[in-house]
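Novice: A single structure is presented below for examination.
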Amino acid sequence: MKTSTGAMRDRRLRRWGLAALTLAVSAVLVHRKSRAVEADYPPLGTFLDVDGVRLHLLMRGKGEPLLLLHGNGSNVLDLELSGLLERAAERYQVIAIDRPGFGYSSRPRGTVWTPQAQARLIHRALAQLGIVRPIVAAHSLGTQVALALALEFPDDVRSLALLSGYYFPSLRPDLALSTPAMPLIGALLRHTLAPWIGRLIWPLQLRRLFDPAEVTPSFRAYPAWMSLRPGALRATAAESALAPMAAAVLRRHYRELTVPVVILAGADDRFIDPGWNSVRLHRELPTSELTLAPGAGHMVHHIVPEEVMTAIDAASAAPWPIDATRPSGQAGRTGREQPVEVPAS
């Protein structure tokens, strides 16, 4: 007859065995779901090797070059489904790049992929492609990369169109989702449980991104598992963790910008506060143009695509370099700046 200690040990071993089996099955299913979504949505563009990074990019259209940078957890497929790529390619030479770790671009572990590191990589990619002084239009956390690019290489950037950006540090609830970027435990989670948790909360996340507007049909066509693959989760979590510090570093240099800046945000964005971010950046940059789209949330390229194109066209038309004599606080060319209360720092 087994002792009580032996029985307890057996129960503990059975629990550990069941947990290990659950994780193993989960890992197999995550791998299958990841491969399935990649088969259904293969790369849309071509690949470029830049300093050991395999970048996936799309090039379409003719005209003035326009670089499109997606936000955190996203990729060029999102830009394609929104219709922004097609609209922009009607009058620009569009270059859309999967940033490191997103979509089909690799993310080597030897680099901390700060906005500055990504900007240098993209600058070298543009040089390889022969792209000279593009307009840079960026969404969400992609705006940090656009700002770093303009600050480090001001002679090689025509202008910026910043969409729903995060420019000033603040406490963010998505910091709690940065665990999948951690060594060891993060690797275990993103290959087993984290994708399923992400899929479970996907509808809630969409609601937060689109509120107060409805989730658009264009985004409903986006496959959730493209963003829930283990590699994409690692990139997303790392970027969420780095974002406040990156904003703190960038904010010290905003007044050094010498390229025209056009700012667009949803007036009712509940994911990144437009008052704390877009309105404050406009005040930091007296020559910038600001438009807040009434009734729009965070995903402006899906909700108000014409407003996005207007912002890009304004960036294209803005004098280069900027006219520092323009009166401080002048509203954007569309004249639809909305009053927003800015919290105290």
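Novice: Would you mind checking the tilt of helix 305-317 against the longest principal axis of the Cα atoms of the chain, expressed as 0 to 90 degrees and rounded to 10?
Specialist: The answer is roughly 50 degrees.
Novice: Given the options Pro274, Leu200, Ala27, identify the residue whose Cα lies farthest towards the positive end of the charge dipole of the chain (+1 on Cβ of Lys, Arg; -1 on Cβ of Asp, Glu).
Specialist: Final value for the positive-end residue is Ala27.
Novice: 7 Å from Cα along Cα→Cβ at both Ala248 and Ala20: what's the point-to-point distance in nm?
Specialist: 4.2 nm
Novice: Still on this structure, I have one more. Let me check I've understood the local charge: for Arg109, count other residues with C-beta under 15 angstrom from its C-beta, Lys and Arg +1, Asp and Glu -1. What total comes out?
Specialist: Values: positive: Arg54, Arg107, Arg190, Arg234; negative: Asp51, Glu239.
Local net charge: +2.
Novice: Against the longest alpha carbon principal axis of the chain, how many degrees, from 0 to 90 and to the nearest 10, is the axis of helix 194-210 turned?
Specialist: On a 0 to 90 degree scale, this one is about 30.
Novice: How far apart, in nm, are two points set 7 Å out from the Cα along the Cα-to-Cβ line at Arg32 and at Phe47?
Specialist: 2.6 nm
Novice: Also: Would you mind telling me which residue in His253, His191, His123 has the biggest mean-square fluctuation in a Gaussian network model of the chain, where springs connect alpha carbons within a distance under 10 angstrom?
Specialist: Its mean-square fluctuation being the largest, the pick is His253.
Novice: Quick one, what does Rg over Rh come out to for the stretch 1-77 if you take C-alpha atoms and the Kirkwood Rh?
Specialist: Values: Rg = 24.2 Å, Rh = 17.7 Å.
So for the stretch 1-77, dividing Rg by the Kirkwood Rh gives 1.37.
Novice: Same structure, new question: Against the globular-protein guess of 2.2 N^0.38 Å, express the Cα radius of gyration of the chain as a ratio, rounded to two decimals.
Specialist: Relative to the 2.2 N^0.38 Å estimate, the chain comes out at 1.07.
Novice: If you don't mind, there's one more thing I want to ask. Add +1 for every Lys or Arg and -1 for every Asp or Glu among the other residues with Cβ under 11 Å from the Cβ of Leu228, and state the total. Write out the running numbers ahead of the final one.
Specialist: Working: positive: Lys33, Arg190, Arg199, Arg229; negative: none.
Residues close to Leu228 contribute a combined charge of +4.
Novice: Just for the chain, what percent of DSSP beta bridges are antiparallel, to the closest 5?
Specialist: Details: 9 of 33 bridges.
If I count the DSSP bridges inside the chain, around 25 percent turn out antiparallel.
Novice: Right, something else. Which angle from 0 to 90°, rounded to the nearest 10, does the C-alpha axis of helix 142-152 make with the longest principal axis of the chain?
Specialist: With both axes taken from Cα atoms, the answer is about 50 degrees.
Novice: Among Val53, Val28, Val249, determine the one that fluctuates most according to a GNM of the chain built with springs between C-alpha atoms less than 10 Å apart.
Specialist: With Cα springs under 10 Å in the chain, the top fluctuation among Val53, Val28, Val249 is at Val28.
Novice: Then there is this: Counting each pair of different Cα atoms once, what's the Kirkwood radius of the stretch 84-159 in Å, rounded to one decimal?
Specialist: Over the stretch 84-159, the inverse of the mean reciprocal pair distance is 13.1 Å.
Read-outs: derived from the displayed coordinates by stated rules, not from any lab. The structure presented is a predicted model; accordingly, all values stated were derived computationally and were not measured. Neighbour counts are summed over all protein chains in view; Cβ atoms, including those assigned to glycine, are modelled from backbone coordinates with ideal geometry.
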